Structures are given as C-alpha cells and as structure tokens.
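Take a look at the structure below.
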Amino acid sequence: MNLEDFKGHIYLIDDDPSICRSLSFTLTSSQYSVQTFDGPTSFLHDSLPISPSVILLDMRMPDMPGIALQQKLVEMGRNTPIIFISGESQPSEIIEAMKLGAIDFLLKPFGMEVLLSTIEKALDKDRHSQSELVKSLGMKQRFERLTEKEQEICRLMVRGYGNKEISEIKGSAAATVKLHRSRVLEKMGCETLPELIAMTFDGNGTQYEFFSGELY
C-alpha cells in the first residue's frame, strides 16, 4: 500500500479466524492497514497506538468480553474509537457500549457498505481528536512560556477583567498590568484579547484546564 493511499488503521479483534481473514482481506483491499487479534488480551499486549485508527471489536470472546476491553481502554485513557461487531448481544450490553462512547454497534451479518461508512465516521472522529490534542499541547507549551505573574494575568484576561480591575486584584500599578498584558499576547502568539480568548477553547467549546485554573 502506498502511503498516499493510506486511509487509516484498523485493529480487528475477533476470536473467529474466518471472520478475521475475510474482513482483513476486504479492508486491506479498501486501502486500510489492518492488524488482527484473536482477543482483547493479545490486543493489550501487542498493539501500538496509531492514528487515525479504529477498533473493530467482537462482543463475545473467551478471554474477555468486548465491553470489558472497552471499559479498560477508557480507564487507560486510550480513546481510539470503537465499533462493535457482534453475532448476538443483550440490549443492556449495547446500551452500555454506547454510553462508554462506542461509535456504533453492528450485528452480524452486516453489509460492507454500512461497515465502511461507519469506519470512515470513526476515523474522522479520531482525526479530530488527534488535531485537538496537538492544539492543546501547543497551547499548553505557549502558556508555560509565561512567567508565573503573566500566567495569573492571562487567566484574569480571559475571564474578562480589564486593566483597572486586574490592577486592583493584584495590587499592581496600571502601567505594570498593561506591560504584562502586552507580553501575554506576544508570547501566546495573538494580537488581540478576543483572539486570545478564542484560543483558550477546544473544538467542543470547553476551555483548556490550564487557562481555567485557580486564581492566585
């Protein structure tokens, strides 16, 4: 497979060798890279994080149920999107899987068109998550370049406090606060306060925690 044709990586976890062979052939032919695992234990032991990727996960396996692996991955903070593929499942299992963030739950036999469409949806989600992670790390690096005093000023700025209010809160001269604000904007790589405020939120509208920390 040429790198430019690569669509994404698929971890296929199923204890049925025939299903693994069939799906692996079809998905590889569709320009995905595929790793197969005969159960959750081998996946946890041998898989390496790749992005963008998706986990195709059977529910019924001897060593560990699929839902138990999903719970373990959530606890580990490994957020690779999961699509369940199952011959039979209880409604309660489907509900629990979706509550834990599964992209979809496909009952065997399923059409390849449906599977490929669901895989693309999962890969889009993983690309977005990785993009947000890179953005978050970049913002954190910029924030950590600020001095402790500048970090305090920055948190007050993004909460809407003006120079006079910050001066009163910090007991600093207005000119000093103005200088700190200028340095904050410069180090954070933005020109205006609205631009700075916009940078402090991720794509879901949640403010990065290092900007919303305790005020001193």
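The values are calculated or read from the model by the stated rules, or taken from the named source; none is laboratory data. What you are looking at is a predicted structure, and each value in this text was computed from that prediction instead of being measured. Every residue, glycine as well, gets a Cβ built from its backbone with ideal geometry; the counts of neighbours run over all protein chains shown.
Considering only residues in the stretch 185-212 that are without any contact (Cβ under 8 Å) to a residue 60 or more places away in the chain and surrounded by 18 or more Cβ atoms within 10 Å (Cβ to Cβ), the one that is farthest from THR147 (Cα to Cα) turns out to be LEU196. Could you look through the stretch 150-184, keep only residues that are among the basic types (Lys, Arg) and assigned to a helix (DSSP H, G or I), and pick out the one that is surrounded by the fewest Cβ atoms within 10 Å (Cβ to Cβ)? Among residues in the stretch 150-184 that are among the basic types (Lys, Arg) and assigned to a helix (DSSP H, G or I), the one surrounded by the fewest Cβ atoms within 10 Å (Cβ to Cβ) is LYS164. Apart from one condition, THR28 fits all of (1) surrounded by 16 or more Cβ atoms within 10 Å (Cβ to Cβ); (2) at pLDDT below 95; the exception is (1).
Those helices (runs of 4 or more DSSP H) of the stretch 1-91 in which at least 1 residues are more than 22 Å from the chain's Cα centre (by Cα) and small (Gly, Ala, Ser), considering only elements entirely within it, cover 17-29, 40-46. Just so you know, in the stretch 115-134 the residues that are among the small types (Gly, Ala, Ser) and closer than 19 Å to GLU209 by Cα include one that is surrounded by the fewest Cβ atoms within 10 Å (Cβ to Cβ), and it is SER131.
For the stretch 68-86, filtering for residues that are out of contact with any Leu (no Cβ under 7 Å at 6 or more places or on another chain) and more than 24 Å from HIS128 (Cα to Cα) leaves 1.
To keep it simple, each residue is scored yes or no on (1) under 15 Å from ALA122 (Cα atoms); (2) in contact (Cβ under 8 Å) with a residue 12 or more places away in the chain.
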position: LYS7; (1), (2): yes, yes
position: PHE37; (1), (2): no, yes
position: PRO40; (1), (2): no, yes
position: ASP46; (1), (2): no, no
position: LYS72; (1), (2): no, yes
position: ASN79; (1), (2): yes, yes
position: PHE110; (1), (2): no, yes
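Within the stretch 96-138, the set of residues being in a loop (DSSP other than H, G, I, E, B) and within 17 Å of the chain's Cα centre (by Cα) comprises LEU100, GLY101, ALA102, ILE103.
Out of GLY87, GLY66, one residue alone is in the same structural domain as CYS20 (by TED's automatic domain parsing) and at pLDDT below 90. It is GLY87.
Picking from residues in the stretch 31-59 that are of a type in the set (D, E, K, R) and out of contact with any helix residue (DSSP H, G or I) (no Cβ under 7 Å at 6 or more places or on another chain), the one that is surrounded by the most Cβ atoms within 10 Å (Cβ to Cβ) is ASP38.
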